[in-house]
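> To start, I am sharing the structure in question, which I have written as structure tokens.
The values are calculated or read from the model by the stated rules, or taken from the named source; none is laboratory data. All of these numbers come straight from a predicted model, not from anything done at the bench. In this analysis, Cβ positions are derived from the backbone assuming ideal geometry, glycine residues included, and neighbour counts consider all displayed protein chains.
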Amino acid sequence: MRNLYEVLGIAPDASLDQIRAAYRVKVKTVHPDIGGSNESFTEVTTAYEILTDEVRRRRYDDTGRIDNQDKAIASGAKQVVESLINQVIDQDEVRSVDVIAALCRDIATRVGLKNGVIETLERRRLSYADLKGRFRAKDQGETFLDDLMHKKIEALGEAIEAEKLALAQLVAALSLLQGYEFMWDGRATIADVDLNAVGRPGDPLVDTDDLLDTSKRNGEKKVG
């Protein structure tokens, strides 16, 4: 893949606002719905996702490597499904209930909880960033509090990245399960958790601000 900054047509020291502006311009020319190619759209979207994430951008700047998020998401989704099946396999009623529906409800609930954790971490990171800008050392050589706040912000950024990956894996697991039906009491049922409502975390084209409320509603919805 080309250099991510070249993909968006920006300088390596571009600000977050400049990255977003460049993305909005580029995506209008490469989106498949308006005649662009899937390859170009994926390239532009990947560049945007990495360069607007503080932790991933720094890792890219330091190493020049691009995280294979898709592979990590797919692998994690399979692990989520395997873990859930392991939990229900020995239950007596496993053949008399809609297992697919039950697993989807479980995942939908976890999606809501995970999104709540991310929101909490992001608020905490913003608080540390605000505090960092308010400390003024009387001695110009003193950097303890500045260094401390920087470490806190960096650690929270890494935690948020990990939680977002876990969230994406849960949504992918939900999508994976919806490709199956479960035969119970002589009937086949298909889970109807709305994937469009859940959204795809991390996708700049999907608004996930209301993911928590939507996921809670999906978790309470009778499925199957």
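> Considering only residues of region 54-90 that are in a helix (DSSP H, G or I) and of a type in the set (S, T, N, Q), which is surrounded by the most Cβ atoms within 10 Å (Cβ to Cβ)?
Here the answer is 69.
> Looking at this structure, is residue 116 over 20 Å from residue 53 (Cα atoms), at pLDDT 90 or above and in a helix (DSSP H, G or I)? Let's see the steps before the verdict.
Values: over 20 Å from residue 53 (Cα atoms): no; at pLDDT 90 or above: yes; in a helix (DSSP H, G or I): yes.
No: the conditions fail for residue 116.
> Restricting to region 59-71, what's the tally of residues that are farther than 13 Å from residue 49 by Cβ and touching a Leu at 6+ places or on another chain (Cβ under 7 Å)?
Number of matching residues: 0.
> Within region 144-161, track down each residue that is buried (at least 17 other Cβ atoms within 10 Å of the Cβ), of a type outside the set (A, V, I, L, M, F, W, C) and modelled with pLDDT of 90 or more.
The one that is buried (at least 17 other Cβ atoms within 10 Å of the Cβ), of a type outside the set (A, V, I, L, M, F, W, C) and modelled with pLDDT of 90 or more: 152.
> Any residue at all in region 98-113 that's in contact with a Lys or Arg (Cβ under 8 Å, 6 or more places away or on another chain) and within 30 Å of residue 11 (Cβ to Cβ)?
No, region 98-113 has no match at all.
> Of the residues that make up region 119-137, is at least one touching a Pro at 6+ places or on another chain (Cβ under 9 Å) and touching a residue at least 40 places away in the same chain (Cβ under 8 Å)?
no
> Take the conditions within 15 Å of residue 3 (Cα to Cα) and touching a Ser or Thr at 6+ places or on another chain (Cβ under 9 Å) and apply them to residue 60. Does it pass?
Judged against the criteria, residue 60 is not a match.
> When you check residue 116 against the structure, is it crowded, with 16+ Cβ neighbours inside 10 Å and either polar (S, T, N, Q) or within 28 Å of residue 67 (Cα to Cα) (or both), yes or no?
no
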